[in-house]
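Chemist: Dumping the structure here so I can ask a few things about it.
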Amino acid sequence: MAYGDNVDPKNRVVAIVLVGLFTAVLGYGLVNGLNISIVKKLAEKLDVVDVNEPPPPEEPPPPPPPDNKLPPPPPVVTPPSPIPPPVTSNVIQSVPKAPPAPPPPIYVPPAAPPAPPAPDLSQEGTPKGNPGRWATNDDYPARAMREGREGTTGFRVSYGADGRVTSCDVTSSSGHSDLDAETCKLITRRARFNPGKDREGNPKGGSYSNRIRWQIPQ
């Protein structure tokens, strides 16, 4: 510790004042020719005043630790993990490519409306003339007339595209074979038909059914 730090400020002021007085008296003595011995005596009296340095203050003892304060716990040491840390690999992100441009639209002309269906020209055939004239009493078989046999024969004929009969079948018998046979013979020879037409209007054959009554004239 420096000496100047422990000197009382009041003693320092007194010393400065005495030094100033000594300097003034010394100068005055030199000017007026005073005896040097007097100056010496004054200088001895104006010697440095002993200043008693006060003892340094005692440092106060450290305060005792509080009762409820425990010593800090020891640091926690984490053991090294046996599993190695995952290795991070550099992930390369691919830049997505722009999708290809769509193809230009293809112009498809509208479909033509379907053609209207052809008209149906189909038509059934019809007999020519009067079917009642295909067999008359003049055609009555002589033996059957003599024996007085009568009856009705049902028939069905088929004809071609030219209107001519191609076949004849008895559908219901008169009860006498000669009358039934005479019926188909006369129809095949005399019957004619207007041929029918298919859907396109072409001529086509057909069939026809009817009956003939055999009765002896009175």
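The values are calculated or read from the model by the stated rules, or taken from the named source; none is laboratory data. Since we're looking at a predicted model, the values are computed, not measured. Methodologically, a virtual Cβ is constructed for each residue, glycine included, from the backbone with ideal geometry; neighbour enumeration extends over all protein chains shown. The accessibility values were calculated without ligands, DNA or RNA, using every heavy atom of the protein model including side chains. Shrake-Rupley method; radii C 1.70, N 1.55, O 1.52, S 1.80 Å.
Chemist: What are the residues in region 140-171 that are loosely packed, with under 15 Cβ neighbours inside 10 Å and either touching a helix residue (DSSP H, G or I) at 6+ places or on another chain (Cβ under 6 Å) or without any contact (Cβ under 8 Å) to a residue 24 or more places away in the chain (or both), if any?
Modeler: Hits for region 140-171 are ALA142, ARG146, GLU147, SER167, ASP169.
Chemist: Another question, then. Return the residues of region 177-204 that are open to solvent by 70 Å² or more (accessible area, probe 1.4 Å) and assigned to a helix (DSSP H, G or I); say none if nothing qualifies.
Modeler: SER177, LYS185, ARG189, ARG190
Chemist: Report, by residue number, each residue of region 173-216 that is of a type in the set (Ser, Thr, Tyr) and closer than 17 Å to PRO127 by Cα.
Modeler: THR183, THR188, SER207, TYR208, SER209
Chemist: Quick one: which residue in THR153, THR166, THR136 is over 16 Å from ARG211 (Cβ atoms) and either touching a strand residue (DSSP E or B) at 6+ places or on another chain (Cβ under 8 Å) or among the hydroxyl-bearing types (Ser, Thr, Tyr) (or both)?
Modeler: Step by step, each of THR153, THR166, THR136 is checked, and only THR166 is over 16 Å from ARG211 (Cβ atoms) and either touching a strand residue (DSSP E or B) at 6+ places or on another chain (Cβ under 8 Å) or among the hydroxyl-bearing types (Ser, Thr, Tyr) (or both).
Chemist: Determine if region 134-150 includes at least one residue that is more than 30 Å from PRO217 (Cβ to Cβ) and not small (Gly, Ala, Ser).
Modeler: Scanning region 134-150, I find no residue that is more than 30 Å from PRO217 (Cβ to Cβ) and not small (Gly, Ala, Ser), so the answer is no.
Chemist: Now for a separate question. When you go through SER207, SER174 one by one, which is the residue that is assigned to a loop (DSSP other than H, G, I, E, B), hydroxyl-bearing (Ser, Thr, Tyr) and surrounded by 13 or more Cβ atoms within 10 Å (Cβ to Cβ)?
Modeler: Only one candidate qualifies: SER174.
Chemist: Taking the condition modelled with pLDDT under 85 and either open to solvent by less than 100 Å² (accessible area, probe 1.4 Å) or in contact with a strand residue (DSSP E or B) (Cβ under 9 Å, 6 or more places away or on another chain) (or both), does ALA111 pass?
Modeler: Taking the combined requirement at face value, the residue satisfies it.
Chemist: Follow-up question, since we're still on this one. Within region 180-196, is even one residue touching a residue at least 60 places away in the same chain (Cβ under 8 Å) and among the basic types (Lys, Arg)?
Modeler: Within region 180-196 (the criterion being touching a residue at least 60 places away in the same chain (Cβ under 8 Å) and among the basic types (Lys, Arg)), the answer is yes, since at least one residue qualifies.
Chemist: Exactly one of (1) part of a helix (DSSP H, G or I); (2) in contact with a Lys or Arg (Cβ under 7 Å, 6 or more places away or on another chain); (3) not basic (Lys, Arg) is unmet by LEU121. Its number?
Modeler: (1)
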